Each structure stands twice: as structure tokens, then as C-alpha cells.
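Everything on this sheet refers to the single structure shown next.
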Amino acid sequence: MTLLIFLTLHFIDIEYIMKYGLGLCLVVKMMLSNSFDMHAQNLNEVFAQQMHKTTSVTSQFKQTKNMKLLKEKITSTGIFYYKKDNKVRIEYQHPYNYLVVLNNGQMYIKDNFGKVNQINTKNSQLLKAVNSIMIDCMNGNILNNKEFNASTTQTDKQYLVHLVPVSAEMKKMYNNIDVVFDKKALHVVQVKMAEISGDETLMEYFDTKTNTAVDDKLFKIK
Amino acid sequence: MINYLKLNKLLYILAFLWVIGSLMSCAGGRLKINNLSSFTAQHSIQRNELEKVIYTCQINGGYLWKKYSLSGLLLIKKMDDESSRVVFQNEMGMTFFDFEWDSLHQFKVLSIIDKMNHEALIKTLKKDFEVLLRLYPAIQLENLKSDGSYIMLNLPKGKAVYTLLPQNYLQNVFIVDDANKKIVSFLATPFQNNSVPSSMTIQHHKANFDIHLKQLHQ
């Protein structure tokens, strides 16, 4: 039984990292893609051009987990940072502290208890796959991601990208993911992830700044 | 050749000592309790009455040289229909598991990720939460024993022993076997009998993994 529990939790850890990595990719993609062309054939080009221009992103975020059956909402807030190339920092600050830093294939996680986990994403096939998706996020190829089918709509003020999972792995987790862009500022303002269970996680981004000075120390893997 | 054999033998001895040391460090020891007398009304165990508790949660474990760590939020909620739910999700909102005990304390797994969906793990977690929240059928609560320092009740396998403090407070809780050897230790801050602790470490001495809980105030 000890062995079974170990094995179970050991593989959960890898699974967790993998799924978490995919989630991070989405966030990175959303934060970086501050321009959006509604014509699918031009999208990659516009995205790649925008990547070339963007050297850094800083944004406040608010995350609300809406647990429908439980009639419960859990809210947390923090700061998101990106710096070219391949550096991401997601810092939850309230009501718990949780830090994730991605820097050139290394993942650093510090939880609310102060426990640090550092993972080389190159040491496993799964993490290699995650790492390649992360790189795709950076070089603008993420919109070619075969994990999702994308469709788009727009209003006067916003663009909406509706993503439906294609792969069996993602289908087990999500019904769909909606990304909302502000038309004028061309920033991501909202991401809504609808889980299979009926629960939803809403990420709202505000005070977004691009191409400002962001200290390299924020991405230091200790 | 002789040197090689000696080295080999030394390595075996070191490995053996390491395994023994590891096993000893995992052992929870024996709980020293007297022969408990029959339950008296002044020493009872009450179910958790709080409508909702959210903990930040960390699970650590390891096997030989490999270690793992998971973290997230643990939500404990009492529903309008008197059922209880325990939900564990990561900090970014992905649900690991969702457990339910109905109004008659019948347990049900509402959802669990594939990699956690193993009977041994689910049984261990179910037992932990039942002891923590006192989700016992009435028949079990009728068979309590106490000496004023501890209060004990029989589980389907083993016993749960709660440390009694003055003014109807509880503190550390243990699951022990028939020889009073600790299987699980819940090392908690003092908490009211009808409530849950603000922080706690749950040590599984045989399974060699532990759970840390710290109450979250939104």
C-alpha cells in the first residue's frame, strides 16, 4: 500500500506539472498576444510580429474559481511578469502566496508553506513536451497548437477567442477556454476556463504594461 | 579483488543500515494510553459544525531517494442537505478530487483525476477526513471510551484517539492499531470539539507521506 500510494502521488506530480505547464502556456500566450487578427490565415503572422515587438509584460491579475455545484467562489490576486526570452513569473499574493518562475527550461515553484520545488523540464518526455509548447508560446507558434480548435467572434470593444480542446488529455479537463481581448489596447483582459465538472476559473488582467523595465532578478532560479 | 569484496560488503552494510534508519524514522511509535473506562457524557466527540473551511494544503512524501510535493487549496463545506464535501484543487483552480459524505455519512467519490484514482489512496484519504471531521455513523459514537485525557472510538480497522483539553477543546488525534501503535498522527493546534484546527500536520507513519494544512482567511 505504501508503494501504491507513493507511485500514485509520484505520477500525480508529473501529471500536475504537465497540466500546470499547459495552463501556463495559455496564460503566456494570452498575455503576449496583444494583437489579434480575426482572419485565421493572417493570425500567425500578426502574432509573430507582435512577439518580435514585445520585450516584456507586467500585469495585475484576479483569479476567481467558481464552483457551481458547491455554490462557492475562491478568489486570489497577484502579478504576472514576462520577459523576453522564455522568462515568466506568476506571483499569487493574496490570500495565499504562491510563486511560479519559468526560465529557459527550468521551473521554480514556491508554495504557501515556503516549500520550494525546482524542476528541469528537460528530464522527462512529458516535460519536454511541455517545454516545447512553452517555446511555441514565445515564438508565436502557439496558435498552431493541435490541442485546440479555435473560433472567433467580436463586439464593439472586444475580441473573443473560443478554444475547444481536441486532444483526449485536454478533453478530460476542459469543455472550452474563452480568451477576451480589449480591441483598443489589444491586451488580454479575461480568460475563462470551463472545466468538465461545470466549475469555471476566471482570470481577469488589468493595469497591463508592455516593454517596461523588468528586473532579471525576478526570474532568478535559486 | 579482496579490496573489491570488502568494499562491496561495506556498501551492503551501509545500505542495510540506511533502510533500517529509514524504517525507524517512518515509525510513529506507540501511544501510551491507560485502559480507558466507558464513555461518560462529559467526554463526547462532536461532529464539525462549521459550514465552510478553506485550508492551504501541501502533501509531501517519498520513496527511497525520490521525493514529491503537491500543493493547493482544500475546501471543506457542509451543504444544505446535511452532506459534507471535501475538494482539493491546485492554486490555479484545477480540481484534483471532490469527495462527498451524504447526510447518513455514506462516502462517494464525485470526481478524481485519473492518477489519483487508486483504491488504497482513496481509502487513506477517506479515513483521514472522517477522523478529522468526525463523520462517524451514530453507532460508532455510541461506543466511545475515555479516561479524561483521551477519548477513543473503534474504527472498522484500528481506533481513533482524540486528545482532550479543558473546556471542551481537542488537540492531537491519532489512528492506532490494536496494539496502540500509531498509524496516523494528526498534530494540530487546539480546536473546539465542534470545529476543526487552524493548522495541522497529518503524518502517515506506514505510508510515509504527510499532509500540511493551514487555514485560509479570505
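The values are calculated or read from the model by the stated rules, or taken from the named source; none is laboratory data. Please read all numbers here as calculations on a predicted model, not as lab measurements. Note that each Cβ is placed from the backbone with ideal geometry, even for glycine, and that neighbours are counted across all protein chains shown. Side chains included, ligands, DNA and RNA excluded: accessible areas come from the protein's heavy atoms. Shrake-Rupley method; radii C 1.70, N 1.55, O 1.52, S 1.80 Å.
Summing both sides, the accessible surface hidden between B and A at a 1.4 Å probe radius is close to 4100 Å². Among the trypsin sites (Lys or Arg not before Pro) in the range B:109-218, those located in a DSSP loop and surrounded by at most 13 other Cβ atoms within 10 Å of their own Cβ are B:LYS157. Legend: distances between Cα atoms for A:LYS83/A:LYS217; A:LYS65/B:LYS77; A:LYS73/A:LYS220; pairs beyond 22 Å are A:LYS73/A:LYS220. Remark: for residue pairs A:LYS146/B:LYS123; A:LYS172/B:LYS123; A:LYS192/B:LYS123, the C-alpha separation exceeds 26 Å in A:LYS146/B:LYS123; A:LYS192/B:LYS123.
Each label was represented as a point 7 Å from its Cα along the Cα-to-Cβ direction; for B:LEU104 and B:SER199 these points are 4.1 nm apart. A convex hull fitted to the Cα coordinates of the range B:119-159 yields 81 cubic angstrom per residue. Once C-alpha pairs closer than 8 Å and six or more residues apart are averaged by separation and normalised to the residue number of the range B:81-192, the relative contact order reads 12 percent. When the residues B:MET92, A:MET203 are ordered by accessible surface, computed with a 1.4 Å probe over the protein chains alone, the sequence from largest down reads B:MET92, A:MET203.
Amide H contacts of A:VAL189 (H built 1.01 Å from N, in plane; Pro and chain starts excluded): A:VAL180, A:PHE181, A:ASP182 sit under 5 Å, all sequence-distant by 5 or more or on other chains.
With each label modelled as a point 7 angstrom along the Cα→C-beta vector, the B:GLN167-B:SER83 pair spans 3.7 nm. Rolling a 1.4 Å probe over the protein heavy atoms of the range B:34-175, with every protein chain left in place, gives an accessible area that is 48 percent carbon and sulfur. Whole-Hz Karplus values for the range B:110-123 come out as 7, 7, 7, 5, 3, 6, 9, 7, 10, 4, 4, 5, 4, 4 Hz, taken residue by residue from phi with 6.51 cos²θ - 1.76 cosθ + 1.60 and θ = phi - 60°; glycine and proline positions read x.
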